[in-house]
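One structure below.
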Amino acid sequence: MGLLWRQPPLELVLLLFLLTVLSYLGPSLSLDLIPYTPQITAWDLEGKVTATTFSLEQPRCVLDGHASAGDTVWLVVALSNASRGFQNPQTLAEIPASPQLLTDGYYMTLPLSLDQLPCEDPAGGSGDAPLLRVGNDHGCHQPLYCNAPLPSPGPYSVKFLLMDTRGSPKAETRWSDHITLHQGKAPGSIDTWPGRRSGGMIVITSILSSLAGLLLLAFLAASTVRFSSLWWPEEAPEQLRIGSFMGKRYMTHHIPPSEAATLPVGCEPGLDPLPSLSP
């Protein structure tokens, strides 16, 4: 006779299943959850969120109570719909690089030591804003953990993960709220029809166009006056013309040569006699 197979008790099956789940989730359940939520920096800066980057506030004095010398703070960047599927790596070799964002929906970047996250007020130092700019490494100068520009508008979620020298996680923060990048508009989608503009915009445009026309007319008038002397030279006064002569008009009479020799000076016909100088 063959041996009869008996079905194991249901309690044993549940216990084995529970042990399997605990062995899989054990490292994650042993992590310290830090009550801190990453967020966009509150500093008044231009370009905090762009089409390929966003700037986070640095987690200063957040992980000090959980870290020791040699530990590293990592930033986990994930698409919001893939953040729940992210599993904390257990070794350095399991750390996902930036190309995995396109395939798995998440990656890790910006490894920092605690010395790079001091608790002192940054206003007393160099004056630079204490922020972490995600997606700022356009040249990927650190290829292994490249902080490459983000390829899509997202939305994204991020968290900070504290790991020891072997790559084992020790503590983590909460996931951030959704972060959506700015999107540019295609030139063909921009509406340029004036009829859709507001009344105030039309009035301002009309005033500016009128002022531009007046400035152009003033410039042309000033240029005409300034260079008119080059185009039409002024005529010199008649008294200054070469060869000009001013005098009385008189009539000449024909005098025979014989009579002209006998006439005294000043008695020529047609001229008044010279005044006498004697008393």
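The values are calculated or read from the model by the stated rules, or taken from the named source; none is laboratory data. Values in this document were obtained by computation on a predicted structure and should not be read as measured data. With ligands, DNA and RNA removed, areas are computed over all heavy atoms of the protein, side chains included. Shrake-Rupley method; radii C 1.70, N 1.55, O 1.52, S 1.80 Å.
As a test of reading the structure, rank 179, 40 by solvent-accessible area (1.4 Å probe, protein chains only), most first.
Values: 179 15, 40 50 Å².
Putting 179, 40 in descending order of accessible area: 40, 179.
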Task: Heavy atoms of residue 86: accessible area, 1.4 Å probe, square angstrom to 10 - done: 20 Å²
Task: Ranking by accessible area, most exposed first, for 66, 178 with a 1.4 Å probe - done: 178, 66
